[in-house]
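Worksheet for the structure shown next.
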């Protein structure tokens, strides 16, 4: 026995499986089991090809609306000049406006590693100057000879 639902969504009733198959055959449609765990199982009369096509279209539309987030990396040095800093800042700004996340890396060489606070100050300065379009996703942290911080575009 199955609970049968007609092609327009109306309840036909509880019928035997053979009766349900005959009903679907008379209408030139397919019998599809929609709720196998129900008591009794629920079957619906529909055009299965059309149903599959509509499901594919919905999935395609959902994929179209989904956005992918890229991570761009900008590398800096602790003793960067102001003009170079401004150039790097404009790159970061462009990436953030495009919706990408930005990984800011400060590379320490030699004895520069003795002064990690200089690198952190530089990263904080970048984050402060871009606070209107980006927010800190992960705080600056020292990773070997590099200090890394992630910026993400600000949500509206």
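The values are calculated or read from the model by the stated rules, or taken from the named source; none is laboratory data. Keep in mind the model is a prediction, meaning the values are calculated, not measured. Cβ coordinates were reconstructed from backbone atoms using ideal geometry, including for glycine residues, and neighbour counts include every protein chain displayed.
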Practice problem: Would you confirm whether any residue within the range 53-72 is part of a strand (DSSP E or B) and either at pLDDT below 90 or over 30 Å from residue 126 (Cα atoms) (or both)? | Solution: no
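Touching a helix residue (DSSP H, G or I) at 6+ places or on another chain (Cβ under 9 Å), over 30 Å from residue 3 (Cα atoms), at pLDDT 90 or above and not assigned by TED's automatic domain parsing to the domain that holds residue 9: is that true of residue 95 in this structure? Reasoning before the result, please.
Details: touching a helix residue (DSSP H, G or I) at 6+ places or on another chain (Cβ under 9 Å): no; over 30 Å from residue 3 (Cα atoms): yes; at pLDDT 90 or above: yes; not assigned by TED's automatic domain parsing to the domain that holds residue 9: yes.
No: the conditions fail for residue 95.
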Quiz item: Which pairs do you get when a residue that is at positive phi, found in the range 78-102, comes within reach of a residue that is outside any loop (DSSP other than H, G, I, E, B) and surrounded by 12 or more Cβ atoms within 10 Å (Cβ to Cβ), reach meaning Cβ atoms under 9 angstrom, with the pair 6+ apart or on two chains?
Solution: 99/153
Quiz item: Taking only pairs six or more apart or across chains, which ones have beta-carbon atoms under 8 Å, a first residue in the range 1-21 that is loosely packed, with under 12 Cβ neighbours inside 10 Å, and a second residue that is part of a loop (DSSP other than H, G, I, E, B)?
Solution: 16/1
Exercise. Of the numbered conditions (1) modelled with pLDDT of 90 or more; (2) farther than 25 Å from residue 66 by Cβ, residue 150 fails exactly one; give the number of that condition.
Key: (2)
Exercise. For the range 32-48, name all the residues that are loosely packed, with under 13 Cβ neighbours inside 10 Å and either in contact (Cβ under 8 Å) with a residue 60 or more places away in the chain or over 33 Å from the mean Cα position of the chain (by Cα) (or both).
Key: 38, 39
Exercise. Assess whether residue 88 counts as being touching a strand residue (DSSP E or B) at 6+ places or on another chain (Cβ under 6 Å) and assigned to a helix (DSSP H, G or I).
Key: yes
Quiz item: Which of the residues belonging to the range 20-46 are in a loop (DSSP other than H, G, I, E, B) and over 14 Å from residue 8 (Cβ atoms)?
Solution: 28, 36, 37, 38, 39, 40, 41
